[in-house]
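What follows is a single structure, written as structure tokens, with notes after it.
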Amino acid sequence: MKRKTNPESSASGAKKRRREEEDEEVGCSHAGIEDETISEDQCRLLQDDLTFSDTSVALRMMRAQLPRIDQASVPPFILQSQLYSSVNDRTQVDRELECLRREKVVRVFKLNTGQDDHAIIFLDDYLKQVDRIVKRMEEKKQNDLDIFKWFKEHVLDSKLEPSIGHHELFSLLSLGGKVKDAHITLLINAGLLTRQLVDPDMYWFTIPSIGKLWKGLLQGRNELLSMLKRKRHKEMFLAELEKKRLRYSPLDMRFHIRDLIGSGHLKTVQTTSGLIVRISRD
């Protein structure tokens, strides 16, 4: 016996599906951008700027393309996985990134996402973020703000690795003045340091307010992979995929595409019709 279909229900379902598809189309707009003016770099197609000649060029281009996010006052950052997708030679990336780190052009931060994620920030951007924190605390009449000056001049300037021990931190800060435990607490509360879980005597250098983006970063990865897994061949043309909007991440599609290509979850295949992005493993 054939089941009768309600035409109104079918039409309603079709309209809902169309609305969902339309909602995913974003073109050159960016969800969560503070400024309505979108730069030329942000509007360039990803397939035209997928790879670069060297790490420095890749970093500066991706910094310019990162959307400014309303929800978090985070300095522009690039994931190390994105660099691996943007420069063909990973050894070259590691070598050039190490040079930039030692030359104090960038700092590398370990992200607490539960995965092997590292963020890269231009040192000038990071120092400006520290200055903004101090300015907010000055407005609140907070005491002991000299610790931030000592942190910039003696710790950030000489300790270039992503972590630091308690004794070394105290020693470097002491070059500026007498250090108290309350000073360390102030740096932790400002989001500049966090204790390592495996060793409380070790600290990670951290990016203030970045925690607000962890959830979006992880959800965006899962959403993009799910989107491709629903396709018959688990692939899409890059030009088409780039126009989709992610519902659960404040970061844009190109950010996540670069990240997942660099981490090995996605791969690209050149065809006569254009570049295809494909799931590389389940």
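The values are calculated or read from the model by the stated rules, or taken from the named source; none is laboratory data. Only a predicted model underlies this, so the values are computations on that prediction, with no experimental measurement involved. All Cβ positions, glycine included, derive from the backbone under ideal geometry; neighbour counts span all protein chains shown. Ligands, DNA and RNA are excluded from the accessible area calculation, which covers all protein heavy atoms including side chains. Shrake-Rupley method; radii C 1.70, N 1.55, O 1.52, S 1.80 Å.
Couple of notes before you dig in:
- Segment 131-168, residues that are more than 30 Å from residue 260 (Cα to Cα), open to solvent by less than 20 Å² (accessible area, probe 1.4 Å) and aliphatic (A, V, I, L, M): 133, 147, 155, 156
- For segment 219-226, the criterion of being open to solvent by less than 30 Å² (accessible area, probe 1.4 Å) and not in a helix (DSSP H, G or I) is satisfied by no residue at all.
- Checking each residue in segment 66-88 for being part of a loop (DSSP other than H, G, I, E, B) and open to solvent by less than 70 Å² (accessible area, probe 1.4 Å) picks out 66, 67, 72, 73, 74, 75, 76, 77, 87.
- Selection status of residue 119, of a type in the set (A, V, I, L, M), surrounded by fewer than 15 Cβ atoms within 10 Å (Cβ to Cβ) and not in a loop (DSSP other than H, G, I, E, B): no
- Boolean, residue 195 is of a type in the set (D, E, K, R) and under 28 Å from residue 153 (Cα atoms): yes
- Here is the figure for segment 89-109: residues that are modelled with pLDDT of 95 or more, open to solvent by 60 Å² or more (accessible area, probe 1.4 Å) and in contact with a helix residue (DSSP H, G or I) (Cβ under 7 Å, 6 or more places away or on another chain) total 1.
- Against the test of being of a type in the set (D, E, K, R), part of a loop (DSSP other than H, G, I, E, B) and touching a residue at least 40 places away in the same chain (Cβ under 8 Å), the options 128, 104 yield a single qualifying residue, 104.
- Residue check, residue 171 part of a helix (DSSP H, G or I), open to solvent by 10 Å² or more (accessible area, probe 1.4 Å), closer than 21 Å to residue 81 by Cα and among the hydroxyl-bearing types (Ser, Thr, Tyr): no
- Selection of segment 247-279 for residues being of a type in the set (Val, Ile, Thr) and either in contact (Cβ under 8 Å) with a residue 12 or more places away in the chain or within 20 Å of residue 210 (Cα to Cα) (or both) yields 257, 261, 268, 269, 276, 277, 279.
- Residue in segment 128-147 that is under 21 Å from the mean Cα position of the chain (by Cα), modelled with pLDDT under 95 and basic (Lys, Arg) present: yes
- Restricted to segment 229-281, the set of strands (runs of 3 or more DSSP E) holding at least 1 residues that are in contact with a His (Cβ under 9 Å, 6 or more places away or on another chain) comprises 274-279.
- Residue count, segment 251-282 (criterion: over 15 Å from residue 231 (Cβ atoms) and of a type in the set (D, E, K, R)): 5
- Matching residues, segment 43-65, being out of contact with any Asp or Glu (no Cβ under 9 Å at 6 or more places or on another chain), open to solvent by 40 Å² or more (accessible area, probe 1.4 Å) and either modelled with pLDDT of 95 or more or not in a helix (DSSP H, G or I) (or both): 44, 51, 53
- Positions within segment 227-259 being small (Gly, Ala, Ser) and open to solvent by 20 Å² or more (accessible area, probe 1.4 Å), in sequence order: 239
- Test result for residue 112, open to solvent by 50 Å² or more (accessible area, probe 1.4 Å), under 13 Å from the mean Cα position of the chain (by Cα) and in contact (Cβ under 8 Å) with a residue 12 or more places away in the chain: yes
- Segment 192-218, subset open to solvent by 30 Å² or more (accessible area, probe 1.4 Å) and part of a strand (DSSP E or B), residue farthest from residue 255 (Cα to Cα): 202
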